[in-house]
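S.K.: Sharing a structure, written as structure tokens. Questions coming.
The values are calculated or read from the model by the stated rules, or taken from the named source; none is laboratory data. Everything numeric in this text was worked out from a predicted model, so none of it was measured. Don't worry about glycine lacking a Cβ; one is built from the backbone with ideal geometry, like all the others, and counts go over all protein chains shown.
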Amino acid sequence: MVSEIPAVFDLHKHEDYEPYALSLGKLIHSWNHLHGALGYLLWMILSVQDGSVPLAIWNSATSDHAQRQMLKAATSASRNTGRFKSLPRAADDIEWLIQEVEKIRHGRNDAIHAPLGVTKTRDGEDSFIITPWDAFGSLRAKSLVGKDLLKEFDWYRAKSDVLSSHSILMGACLAFPKRHPWPNRPLLPTLGTSETSG
């Protein structure tokens with residue numbers, strides 16, 4: 001048992017770790033980009049020319065969750081006002097978008113906060129795999145045990161990318177309703193594939 005401990009702490013030197021590091025990096029970037037797009041959507045909902053004030057309010061929030069709650073509140077308050085009057089699906093679609101972000105929130109948080117480790121496989125002494133390291137009781141790691149980590153991480157990233165693009169499209173329609181039609185809800189990626197499913 002003692003001889004296996006160094007392998008866990010040498011994770012970043014392990015040759016098999018590279019795809020996981022790359023996948024996690026892409027997920028983090030996509031999630032951050034998504035929340036930038038949601039901030040743009042908030043600005044468009046508030047219907048002000050200068051974005052400095054709404055974006056300052058958006059970026060003053062100390063968590064992504066608080067930002068999404070802010071967007072939800074702004075959508076609810078705007079439901080029967082301003083540009084929303086001519087876009088009857090807008091409020092429902094923005095609330096749908098927020099719900100879809102919430103659905104991947106826990107998985108994304110598990111992915112970026114769970115410790116990973118190198119574990120010997122049962123095939124032989126020289127065979128290793130990257131696994132959630134729950135030896136010290138991490139609940140984040142426990143939630144990922146038994147899952148194909150790369151497929152999970154890629155799914156969260158792919159869904160974040162689709163929702164980010166859709167948020168930008170909705171914001172563009174709110175800003176220029178005569179130029180951009182209100183977009184249909186996008187097809188979302190399914191777990192384990194790069195394709196989308198209704």
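S.K.: For residue 75, are the conditions met, namely being more than 30 Å from residue 134 (Cα to Cα), of a type outside the set (A, V, I, L, M) and in contact with an Asp or Glu (Cβ under 8 Å, 6 or more places away or on another chain)?
M.R.: Working: more than 30 Å from residue 134 (Cα to Cα): yes; of a type outside the set (A, V, I, L, M): yes; in contact with an Asp or Glu (Cβ under 8 Å, 6 or more places away or on another chain): yes.
Criteria met by residue 75.
S.K.: So, in region 15-66, of the ones that are free of Cβ contacts under 8 Å to residues at least 40 places away in the same chain and not in a helix (DSSP H, G or I), which residue ends up farthest from residue 90 (Cα to Cα)?
M.R.: Filtering region 15-66 for residues that are free of Cβ contacts under 8 Å to residues at least 40 places away in the same chain and not in a helix (DSSP H, G or I), the one farthest from residue 90 (Cα to Cα) comes out as 62.
S.K.: Next up: Check 177, 183 and return the single one that is part of a loop (DSSP other than H, G, I, E, B), under 29 Å from residue 50 (Cβ atoms) and at pLDDT 95 or above.
M.R.: 183
S.K.: Looking only at region 101-136, which residues are in contact with a His (Cβ under 9 Å, 6 or more places away or on another chain) and either at pLDDT 90 or above or within 13 Å of residue 68 (Cβ to Cβ) (or both)? Walk me through how you get there before you give the answer.
M.R.: Taking region 101-136 as the starting set, the residues that turn out to be in contact with a His (Cβ under 9 Å, 6 or more places away or on another chain) are 101-102, 105, 118, 128, 130.
Across region 101-136, the qualifying residues are 101, 102, 105.
S.K.: Which of the residues spanning region 139-197 are surrounded by fewer than 17 Cβ atoms within 10 Å (Cβ to Cβ), basic (Lys, Arg) and out of contact with any Asp or Glu (no Cβ under 7 Å at 6 or more places or on another chain)?
M.R.: 147, 151, 178, 179
S.K.: Looking at 169, 150, 163 in this structure, which one is of a type in the set (A, V, I, L, M, F, W, C), touching a Leu at 6+ places or on another chain (Cβ under 9 Å) and part of a helix (DSSP H, G or I)?
M.R.: It is 163.
S.K.: Restricting attention to region 67-83, report how many residues are free of Cβ contacts under 8 Å to residues at least 12 places away in the same chain and not polar (S, T, N, Q).
M.R.: 2
S.K.: Is there any pair linking a residue in region 126-155 that is farther than 9 Å from residue 110 by Cβ to one that is basic (Lys, Arg) and surrounded by fewer than 17 Cβ atoms within 10 Å (Cβ to Cβ), with Cβ under 6 Å and at least six apart or on different chains, and which?
M.R.: Close Cβ pairs satisfying both conditions: 128/120; 134/142.
S.K.: Another one. If a residue must be at pLDDT below 95 and under 22 Å from residue 104 (Cβ atoms), how many such residues does region 46-62 contain?
M.R.: Of the residues in region 46-62, 1 are at pLDDT below 95 and under 22 Å from residue 104 (Cβ atoms).
S.K.: Next up: Are any of the residues in region 54-67 under 22 Å from the mean Cα position of the chain (by Cα), of a type in the set (A, V, I, L, M, F, W, C) and under 29 Å from residue 132 (Cα atoms)?
M.R.: Yes; the residues of region 54-67 include at least one that is under 22 Å from the mean Cα position of the chain (by Cα), of a type in the set (A, V, I, L, M, F, W, C) and under 29 Å from residue 132 (Cα atoms).
S.K.: Quick check: anything in region 84-99 modelled with pLDDT under 95, part of a helix (DSSP H, G or I) and not basic (Lys, Arg)?
M.R.: The answer is yes, given that some residue of region 84-99 is modelled with pLDDT under 95, part of a helix (DSSP H, G or I) and not basic (Lys, Arg).
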